[in-house]
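Values quoted throughout were computed directly from the atomic coordinates according to the rules given, and no laboratory measurement underlies them. Everything quoted here is computed from the prediction, not taken from an experiment. With ideal geometry, Cβ positions are generated from the backbone for all residues, glycine too; neighbour counts draw on all protein chains shown.
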Amino acid sequence: MAILTQVRDPRVRDVTVTRVEMDPDMRAATVHVSVMGSPAKEELALRGLASSAGFLQAQVAERIETRYTPRLKFKLDSGVKRSIEIARVLGEVLPASSASPSTDRQPGQQAACEAVPAETGSQVSKVVIEKPEERA
């Protein structure tokens, strides 16, 4: 929330924190962020976050009770952009249907493009693509 509401650096815009990884000794944290925009905007946002790291560490120190305040490192997470690009490509490749896929399906039949969760604890999902006319 501090990145959204309290960082006044104009370079830090359209930033979403996707996840945070803590070192085992809790002395450092890698903050993975997604930045919507061009690669130049991404680089500017990362520089703005790096220059705001001290302020953000102070905000973290106020909210948690630990012996050490973790040092924050920011890393670009391009997963969101990749998923948007994949959805765009799938939209171009798959034929558009006039009705909603959920209403046209027969019992037990999958939609033309359906995300299926991978095994529990995994961050990756797989996409199942089937053409209904090829089913027996």
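Numbers below:
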| item | result |
| --- | --- |
| Net lengthening on full extension, residue 30/residue 88 (0.36 nm per residue, minus Cα-Cα) | 17.9 nm |
| Nearest-0.05 FRET efficiency for residue 66 and residue 38, computed from C-beta distance (R0 25 Å) | 0.10 |
| Loop sites in region 1-102: trypsin sites (Lys or Arg not before Pro), DSSP, at most 14 other Cβ within 10 Å | 8, 13, 27, 67 |
| Chymotrypsin sites (Phe, Trp or Tyr not before Pro) restricted to DSSP loop in region 1-83 with at most 10 other C-beta within 10 Å | 68 |
| Fewest-first ranking of 3, 64, using other Cβ atoms within 10 Å as the exposure measure | 64, 3 |
| Amide hydrogen neighbours beyond the local backbone of residue 19, cut-off 5 Å, H modeled | 32 |
| For region 83-92, 3J(HN,Hα) per residue [Karplus equation, 6.51 cos²θ - 1.76 cosθ + 1.60, θ = phi - 60°, Hz, x = Gly/Pro] | 5, 5, 5, 4, 4, 5, 5, 4, x, 6 |
| Long-range HN-HN contacts of residue 28 with modeled amide H, under 5 Å | 23, 71 |
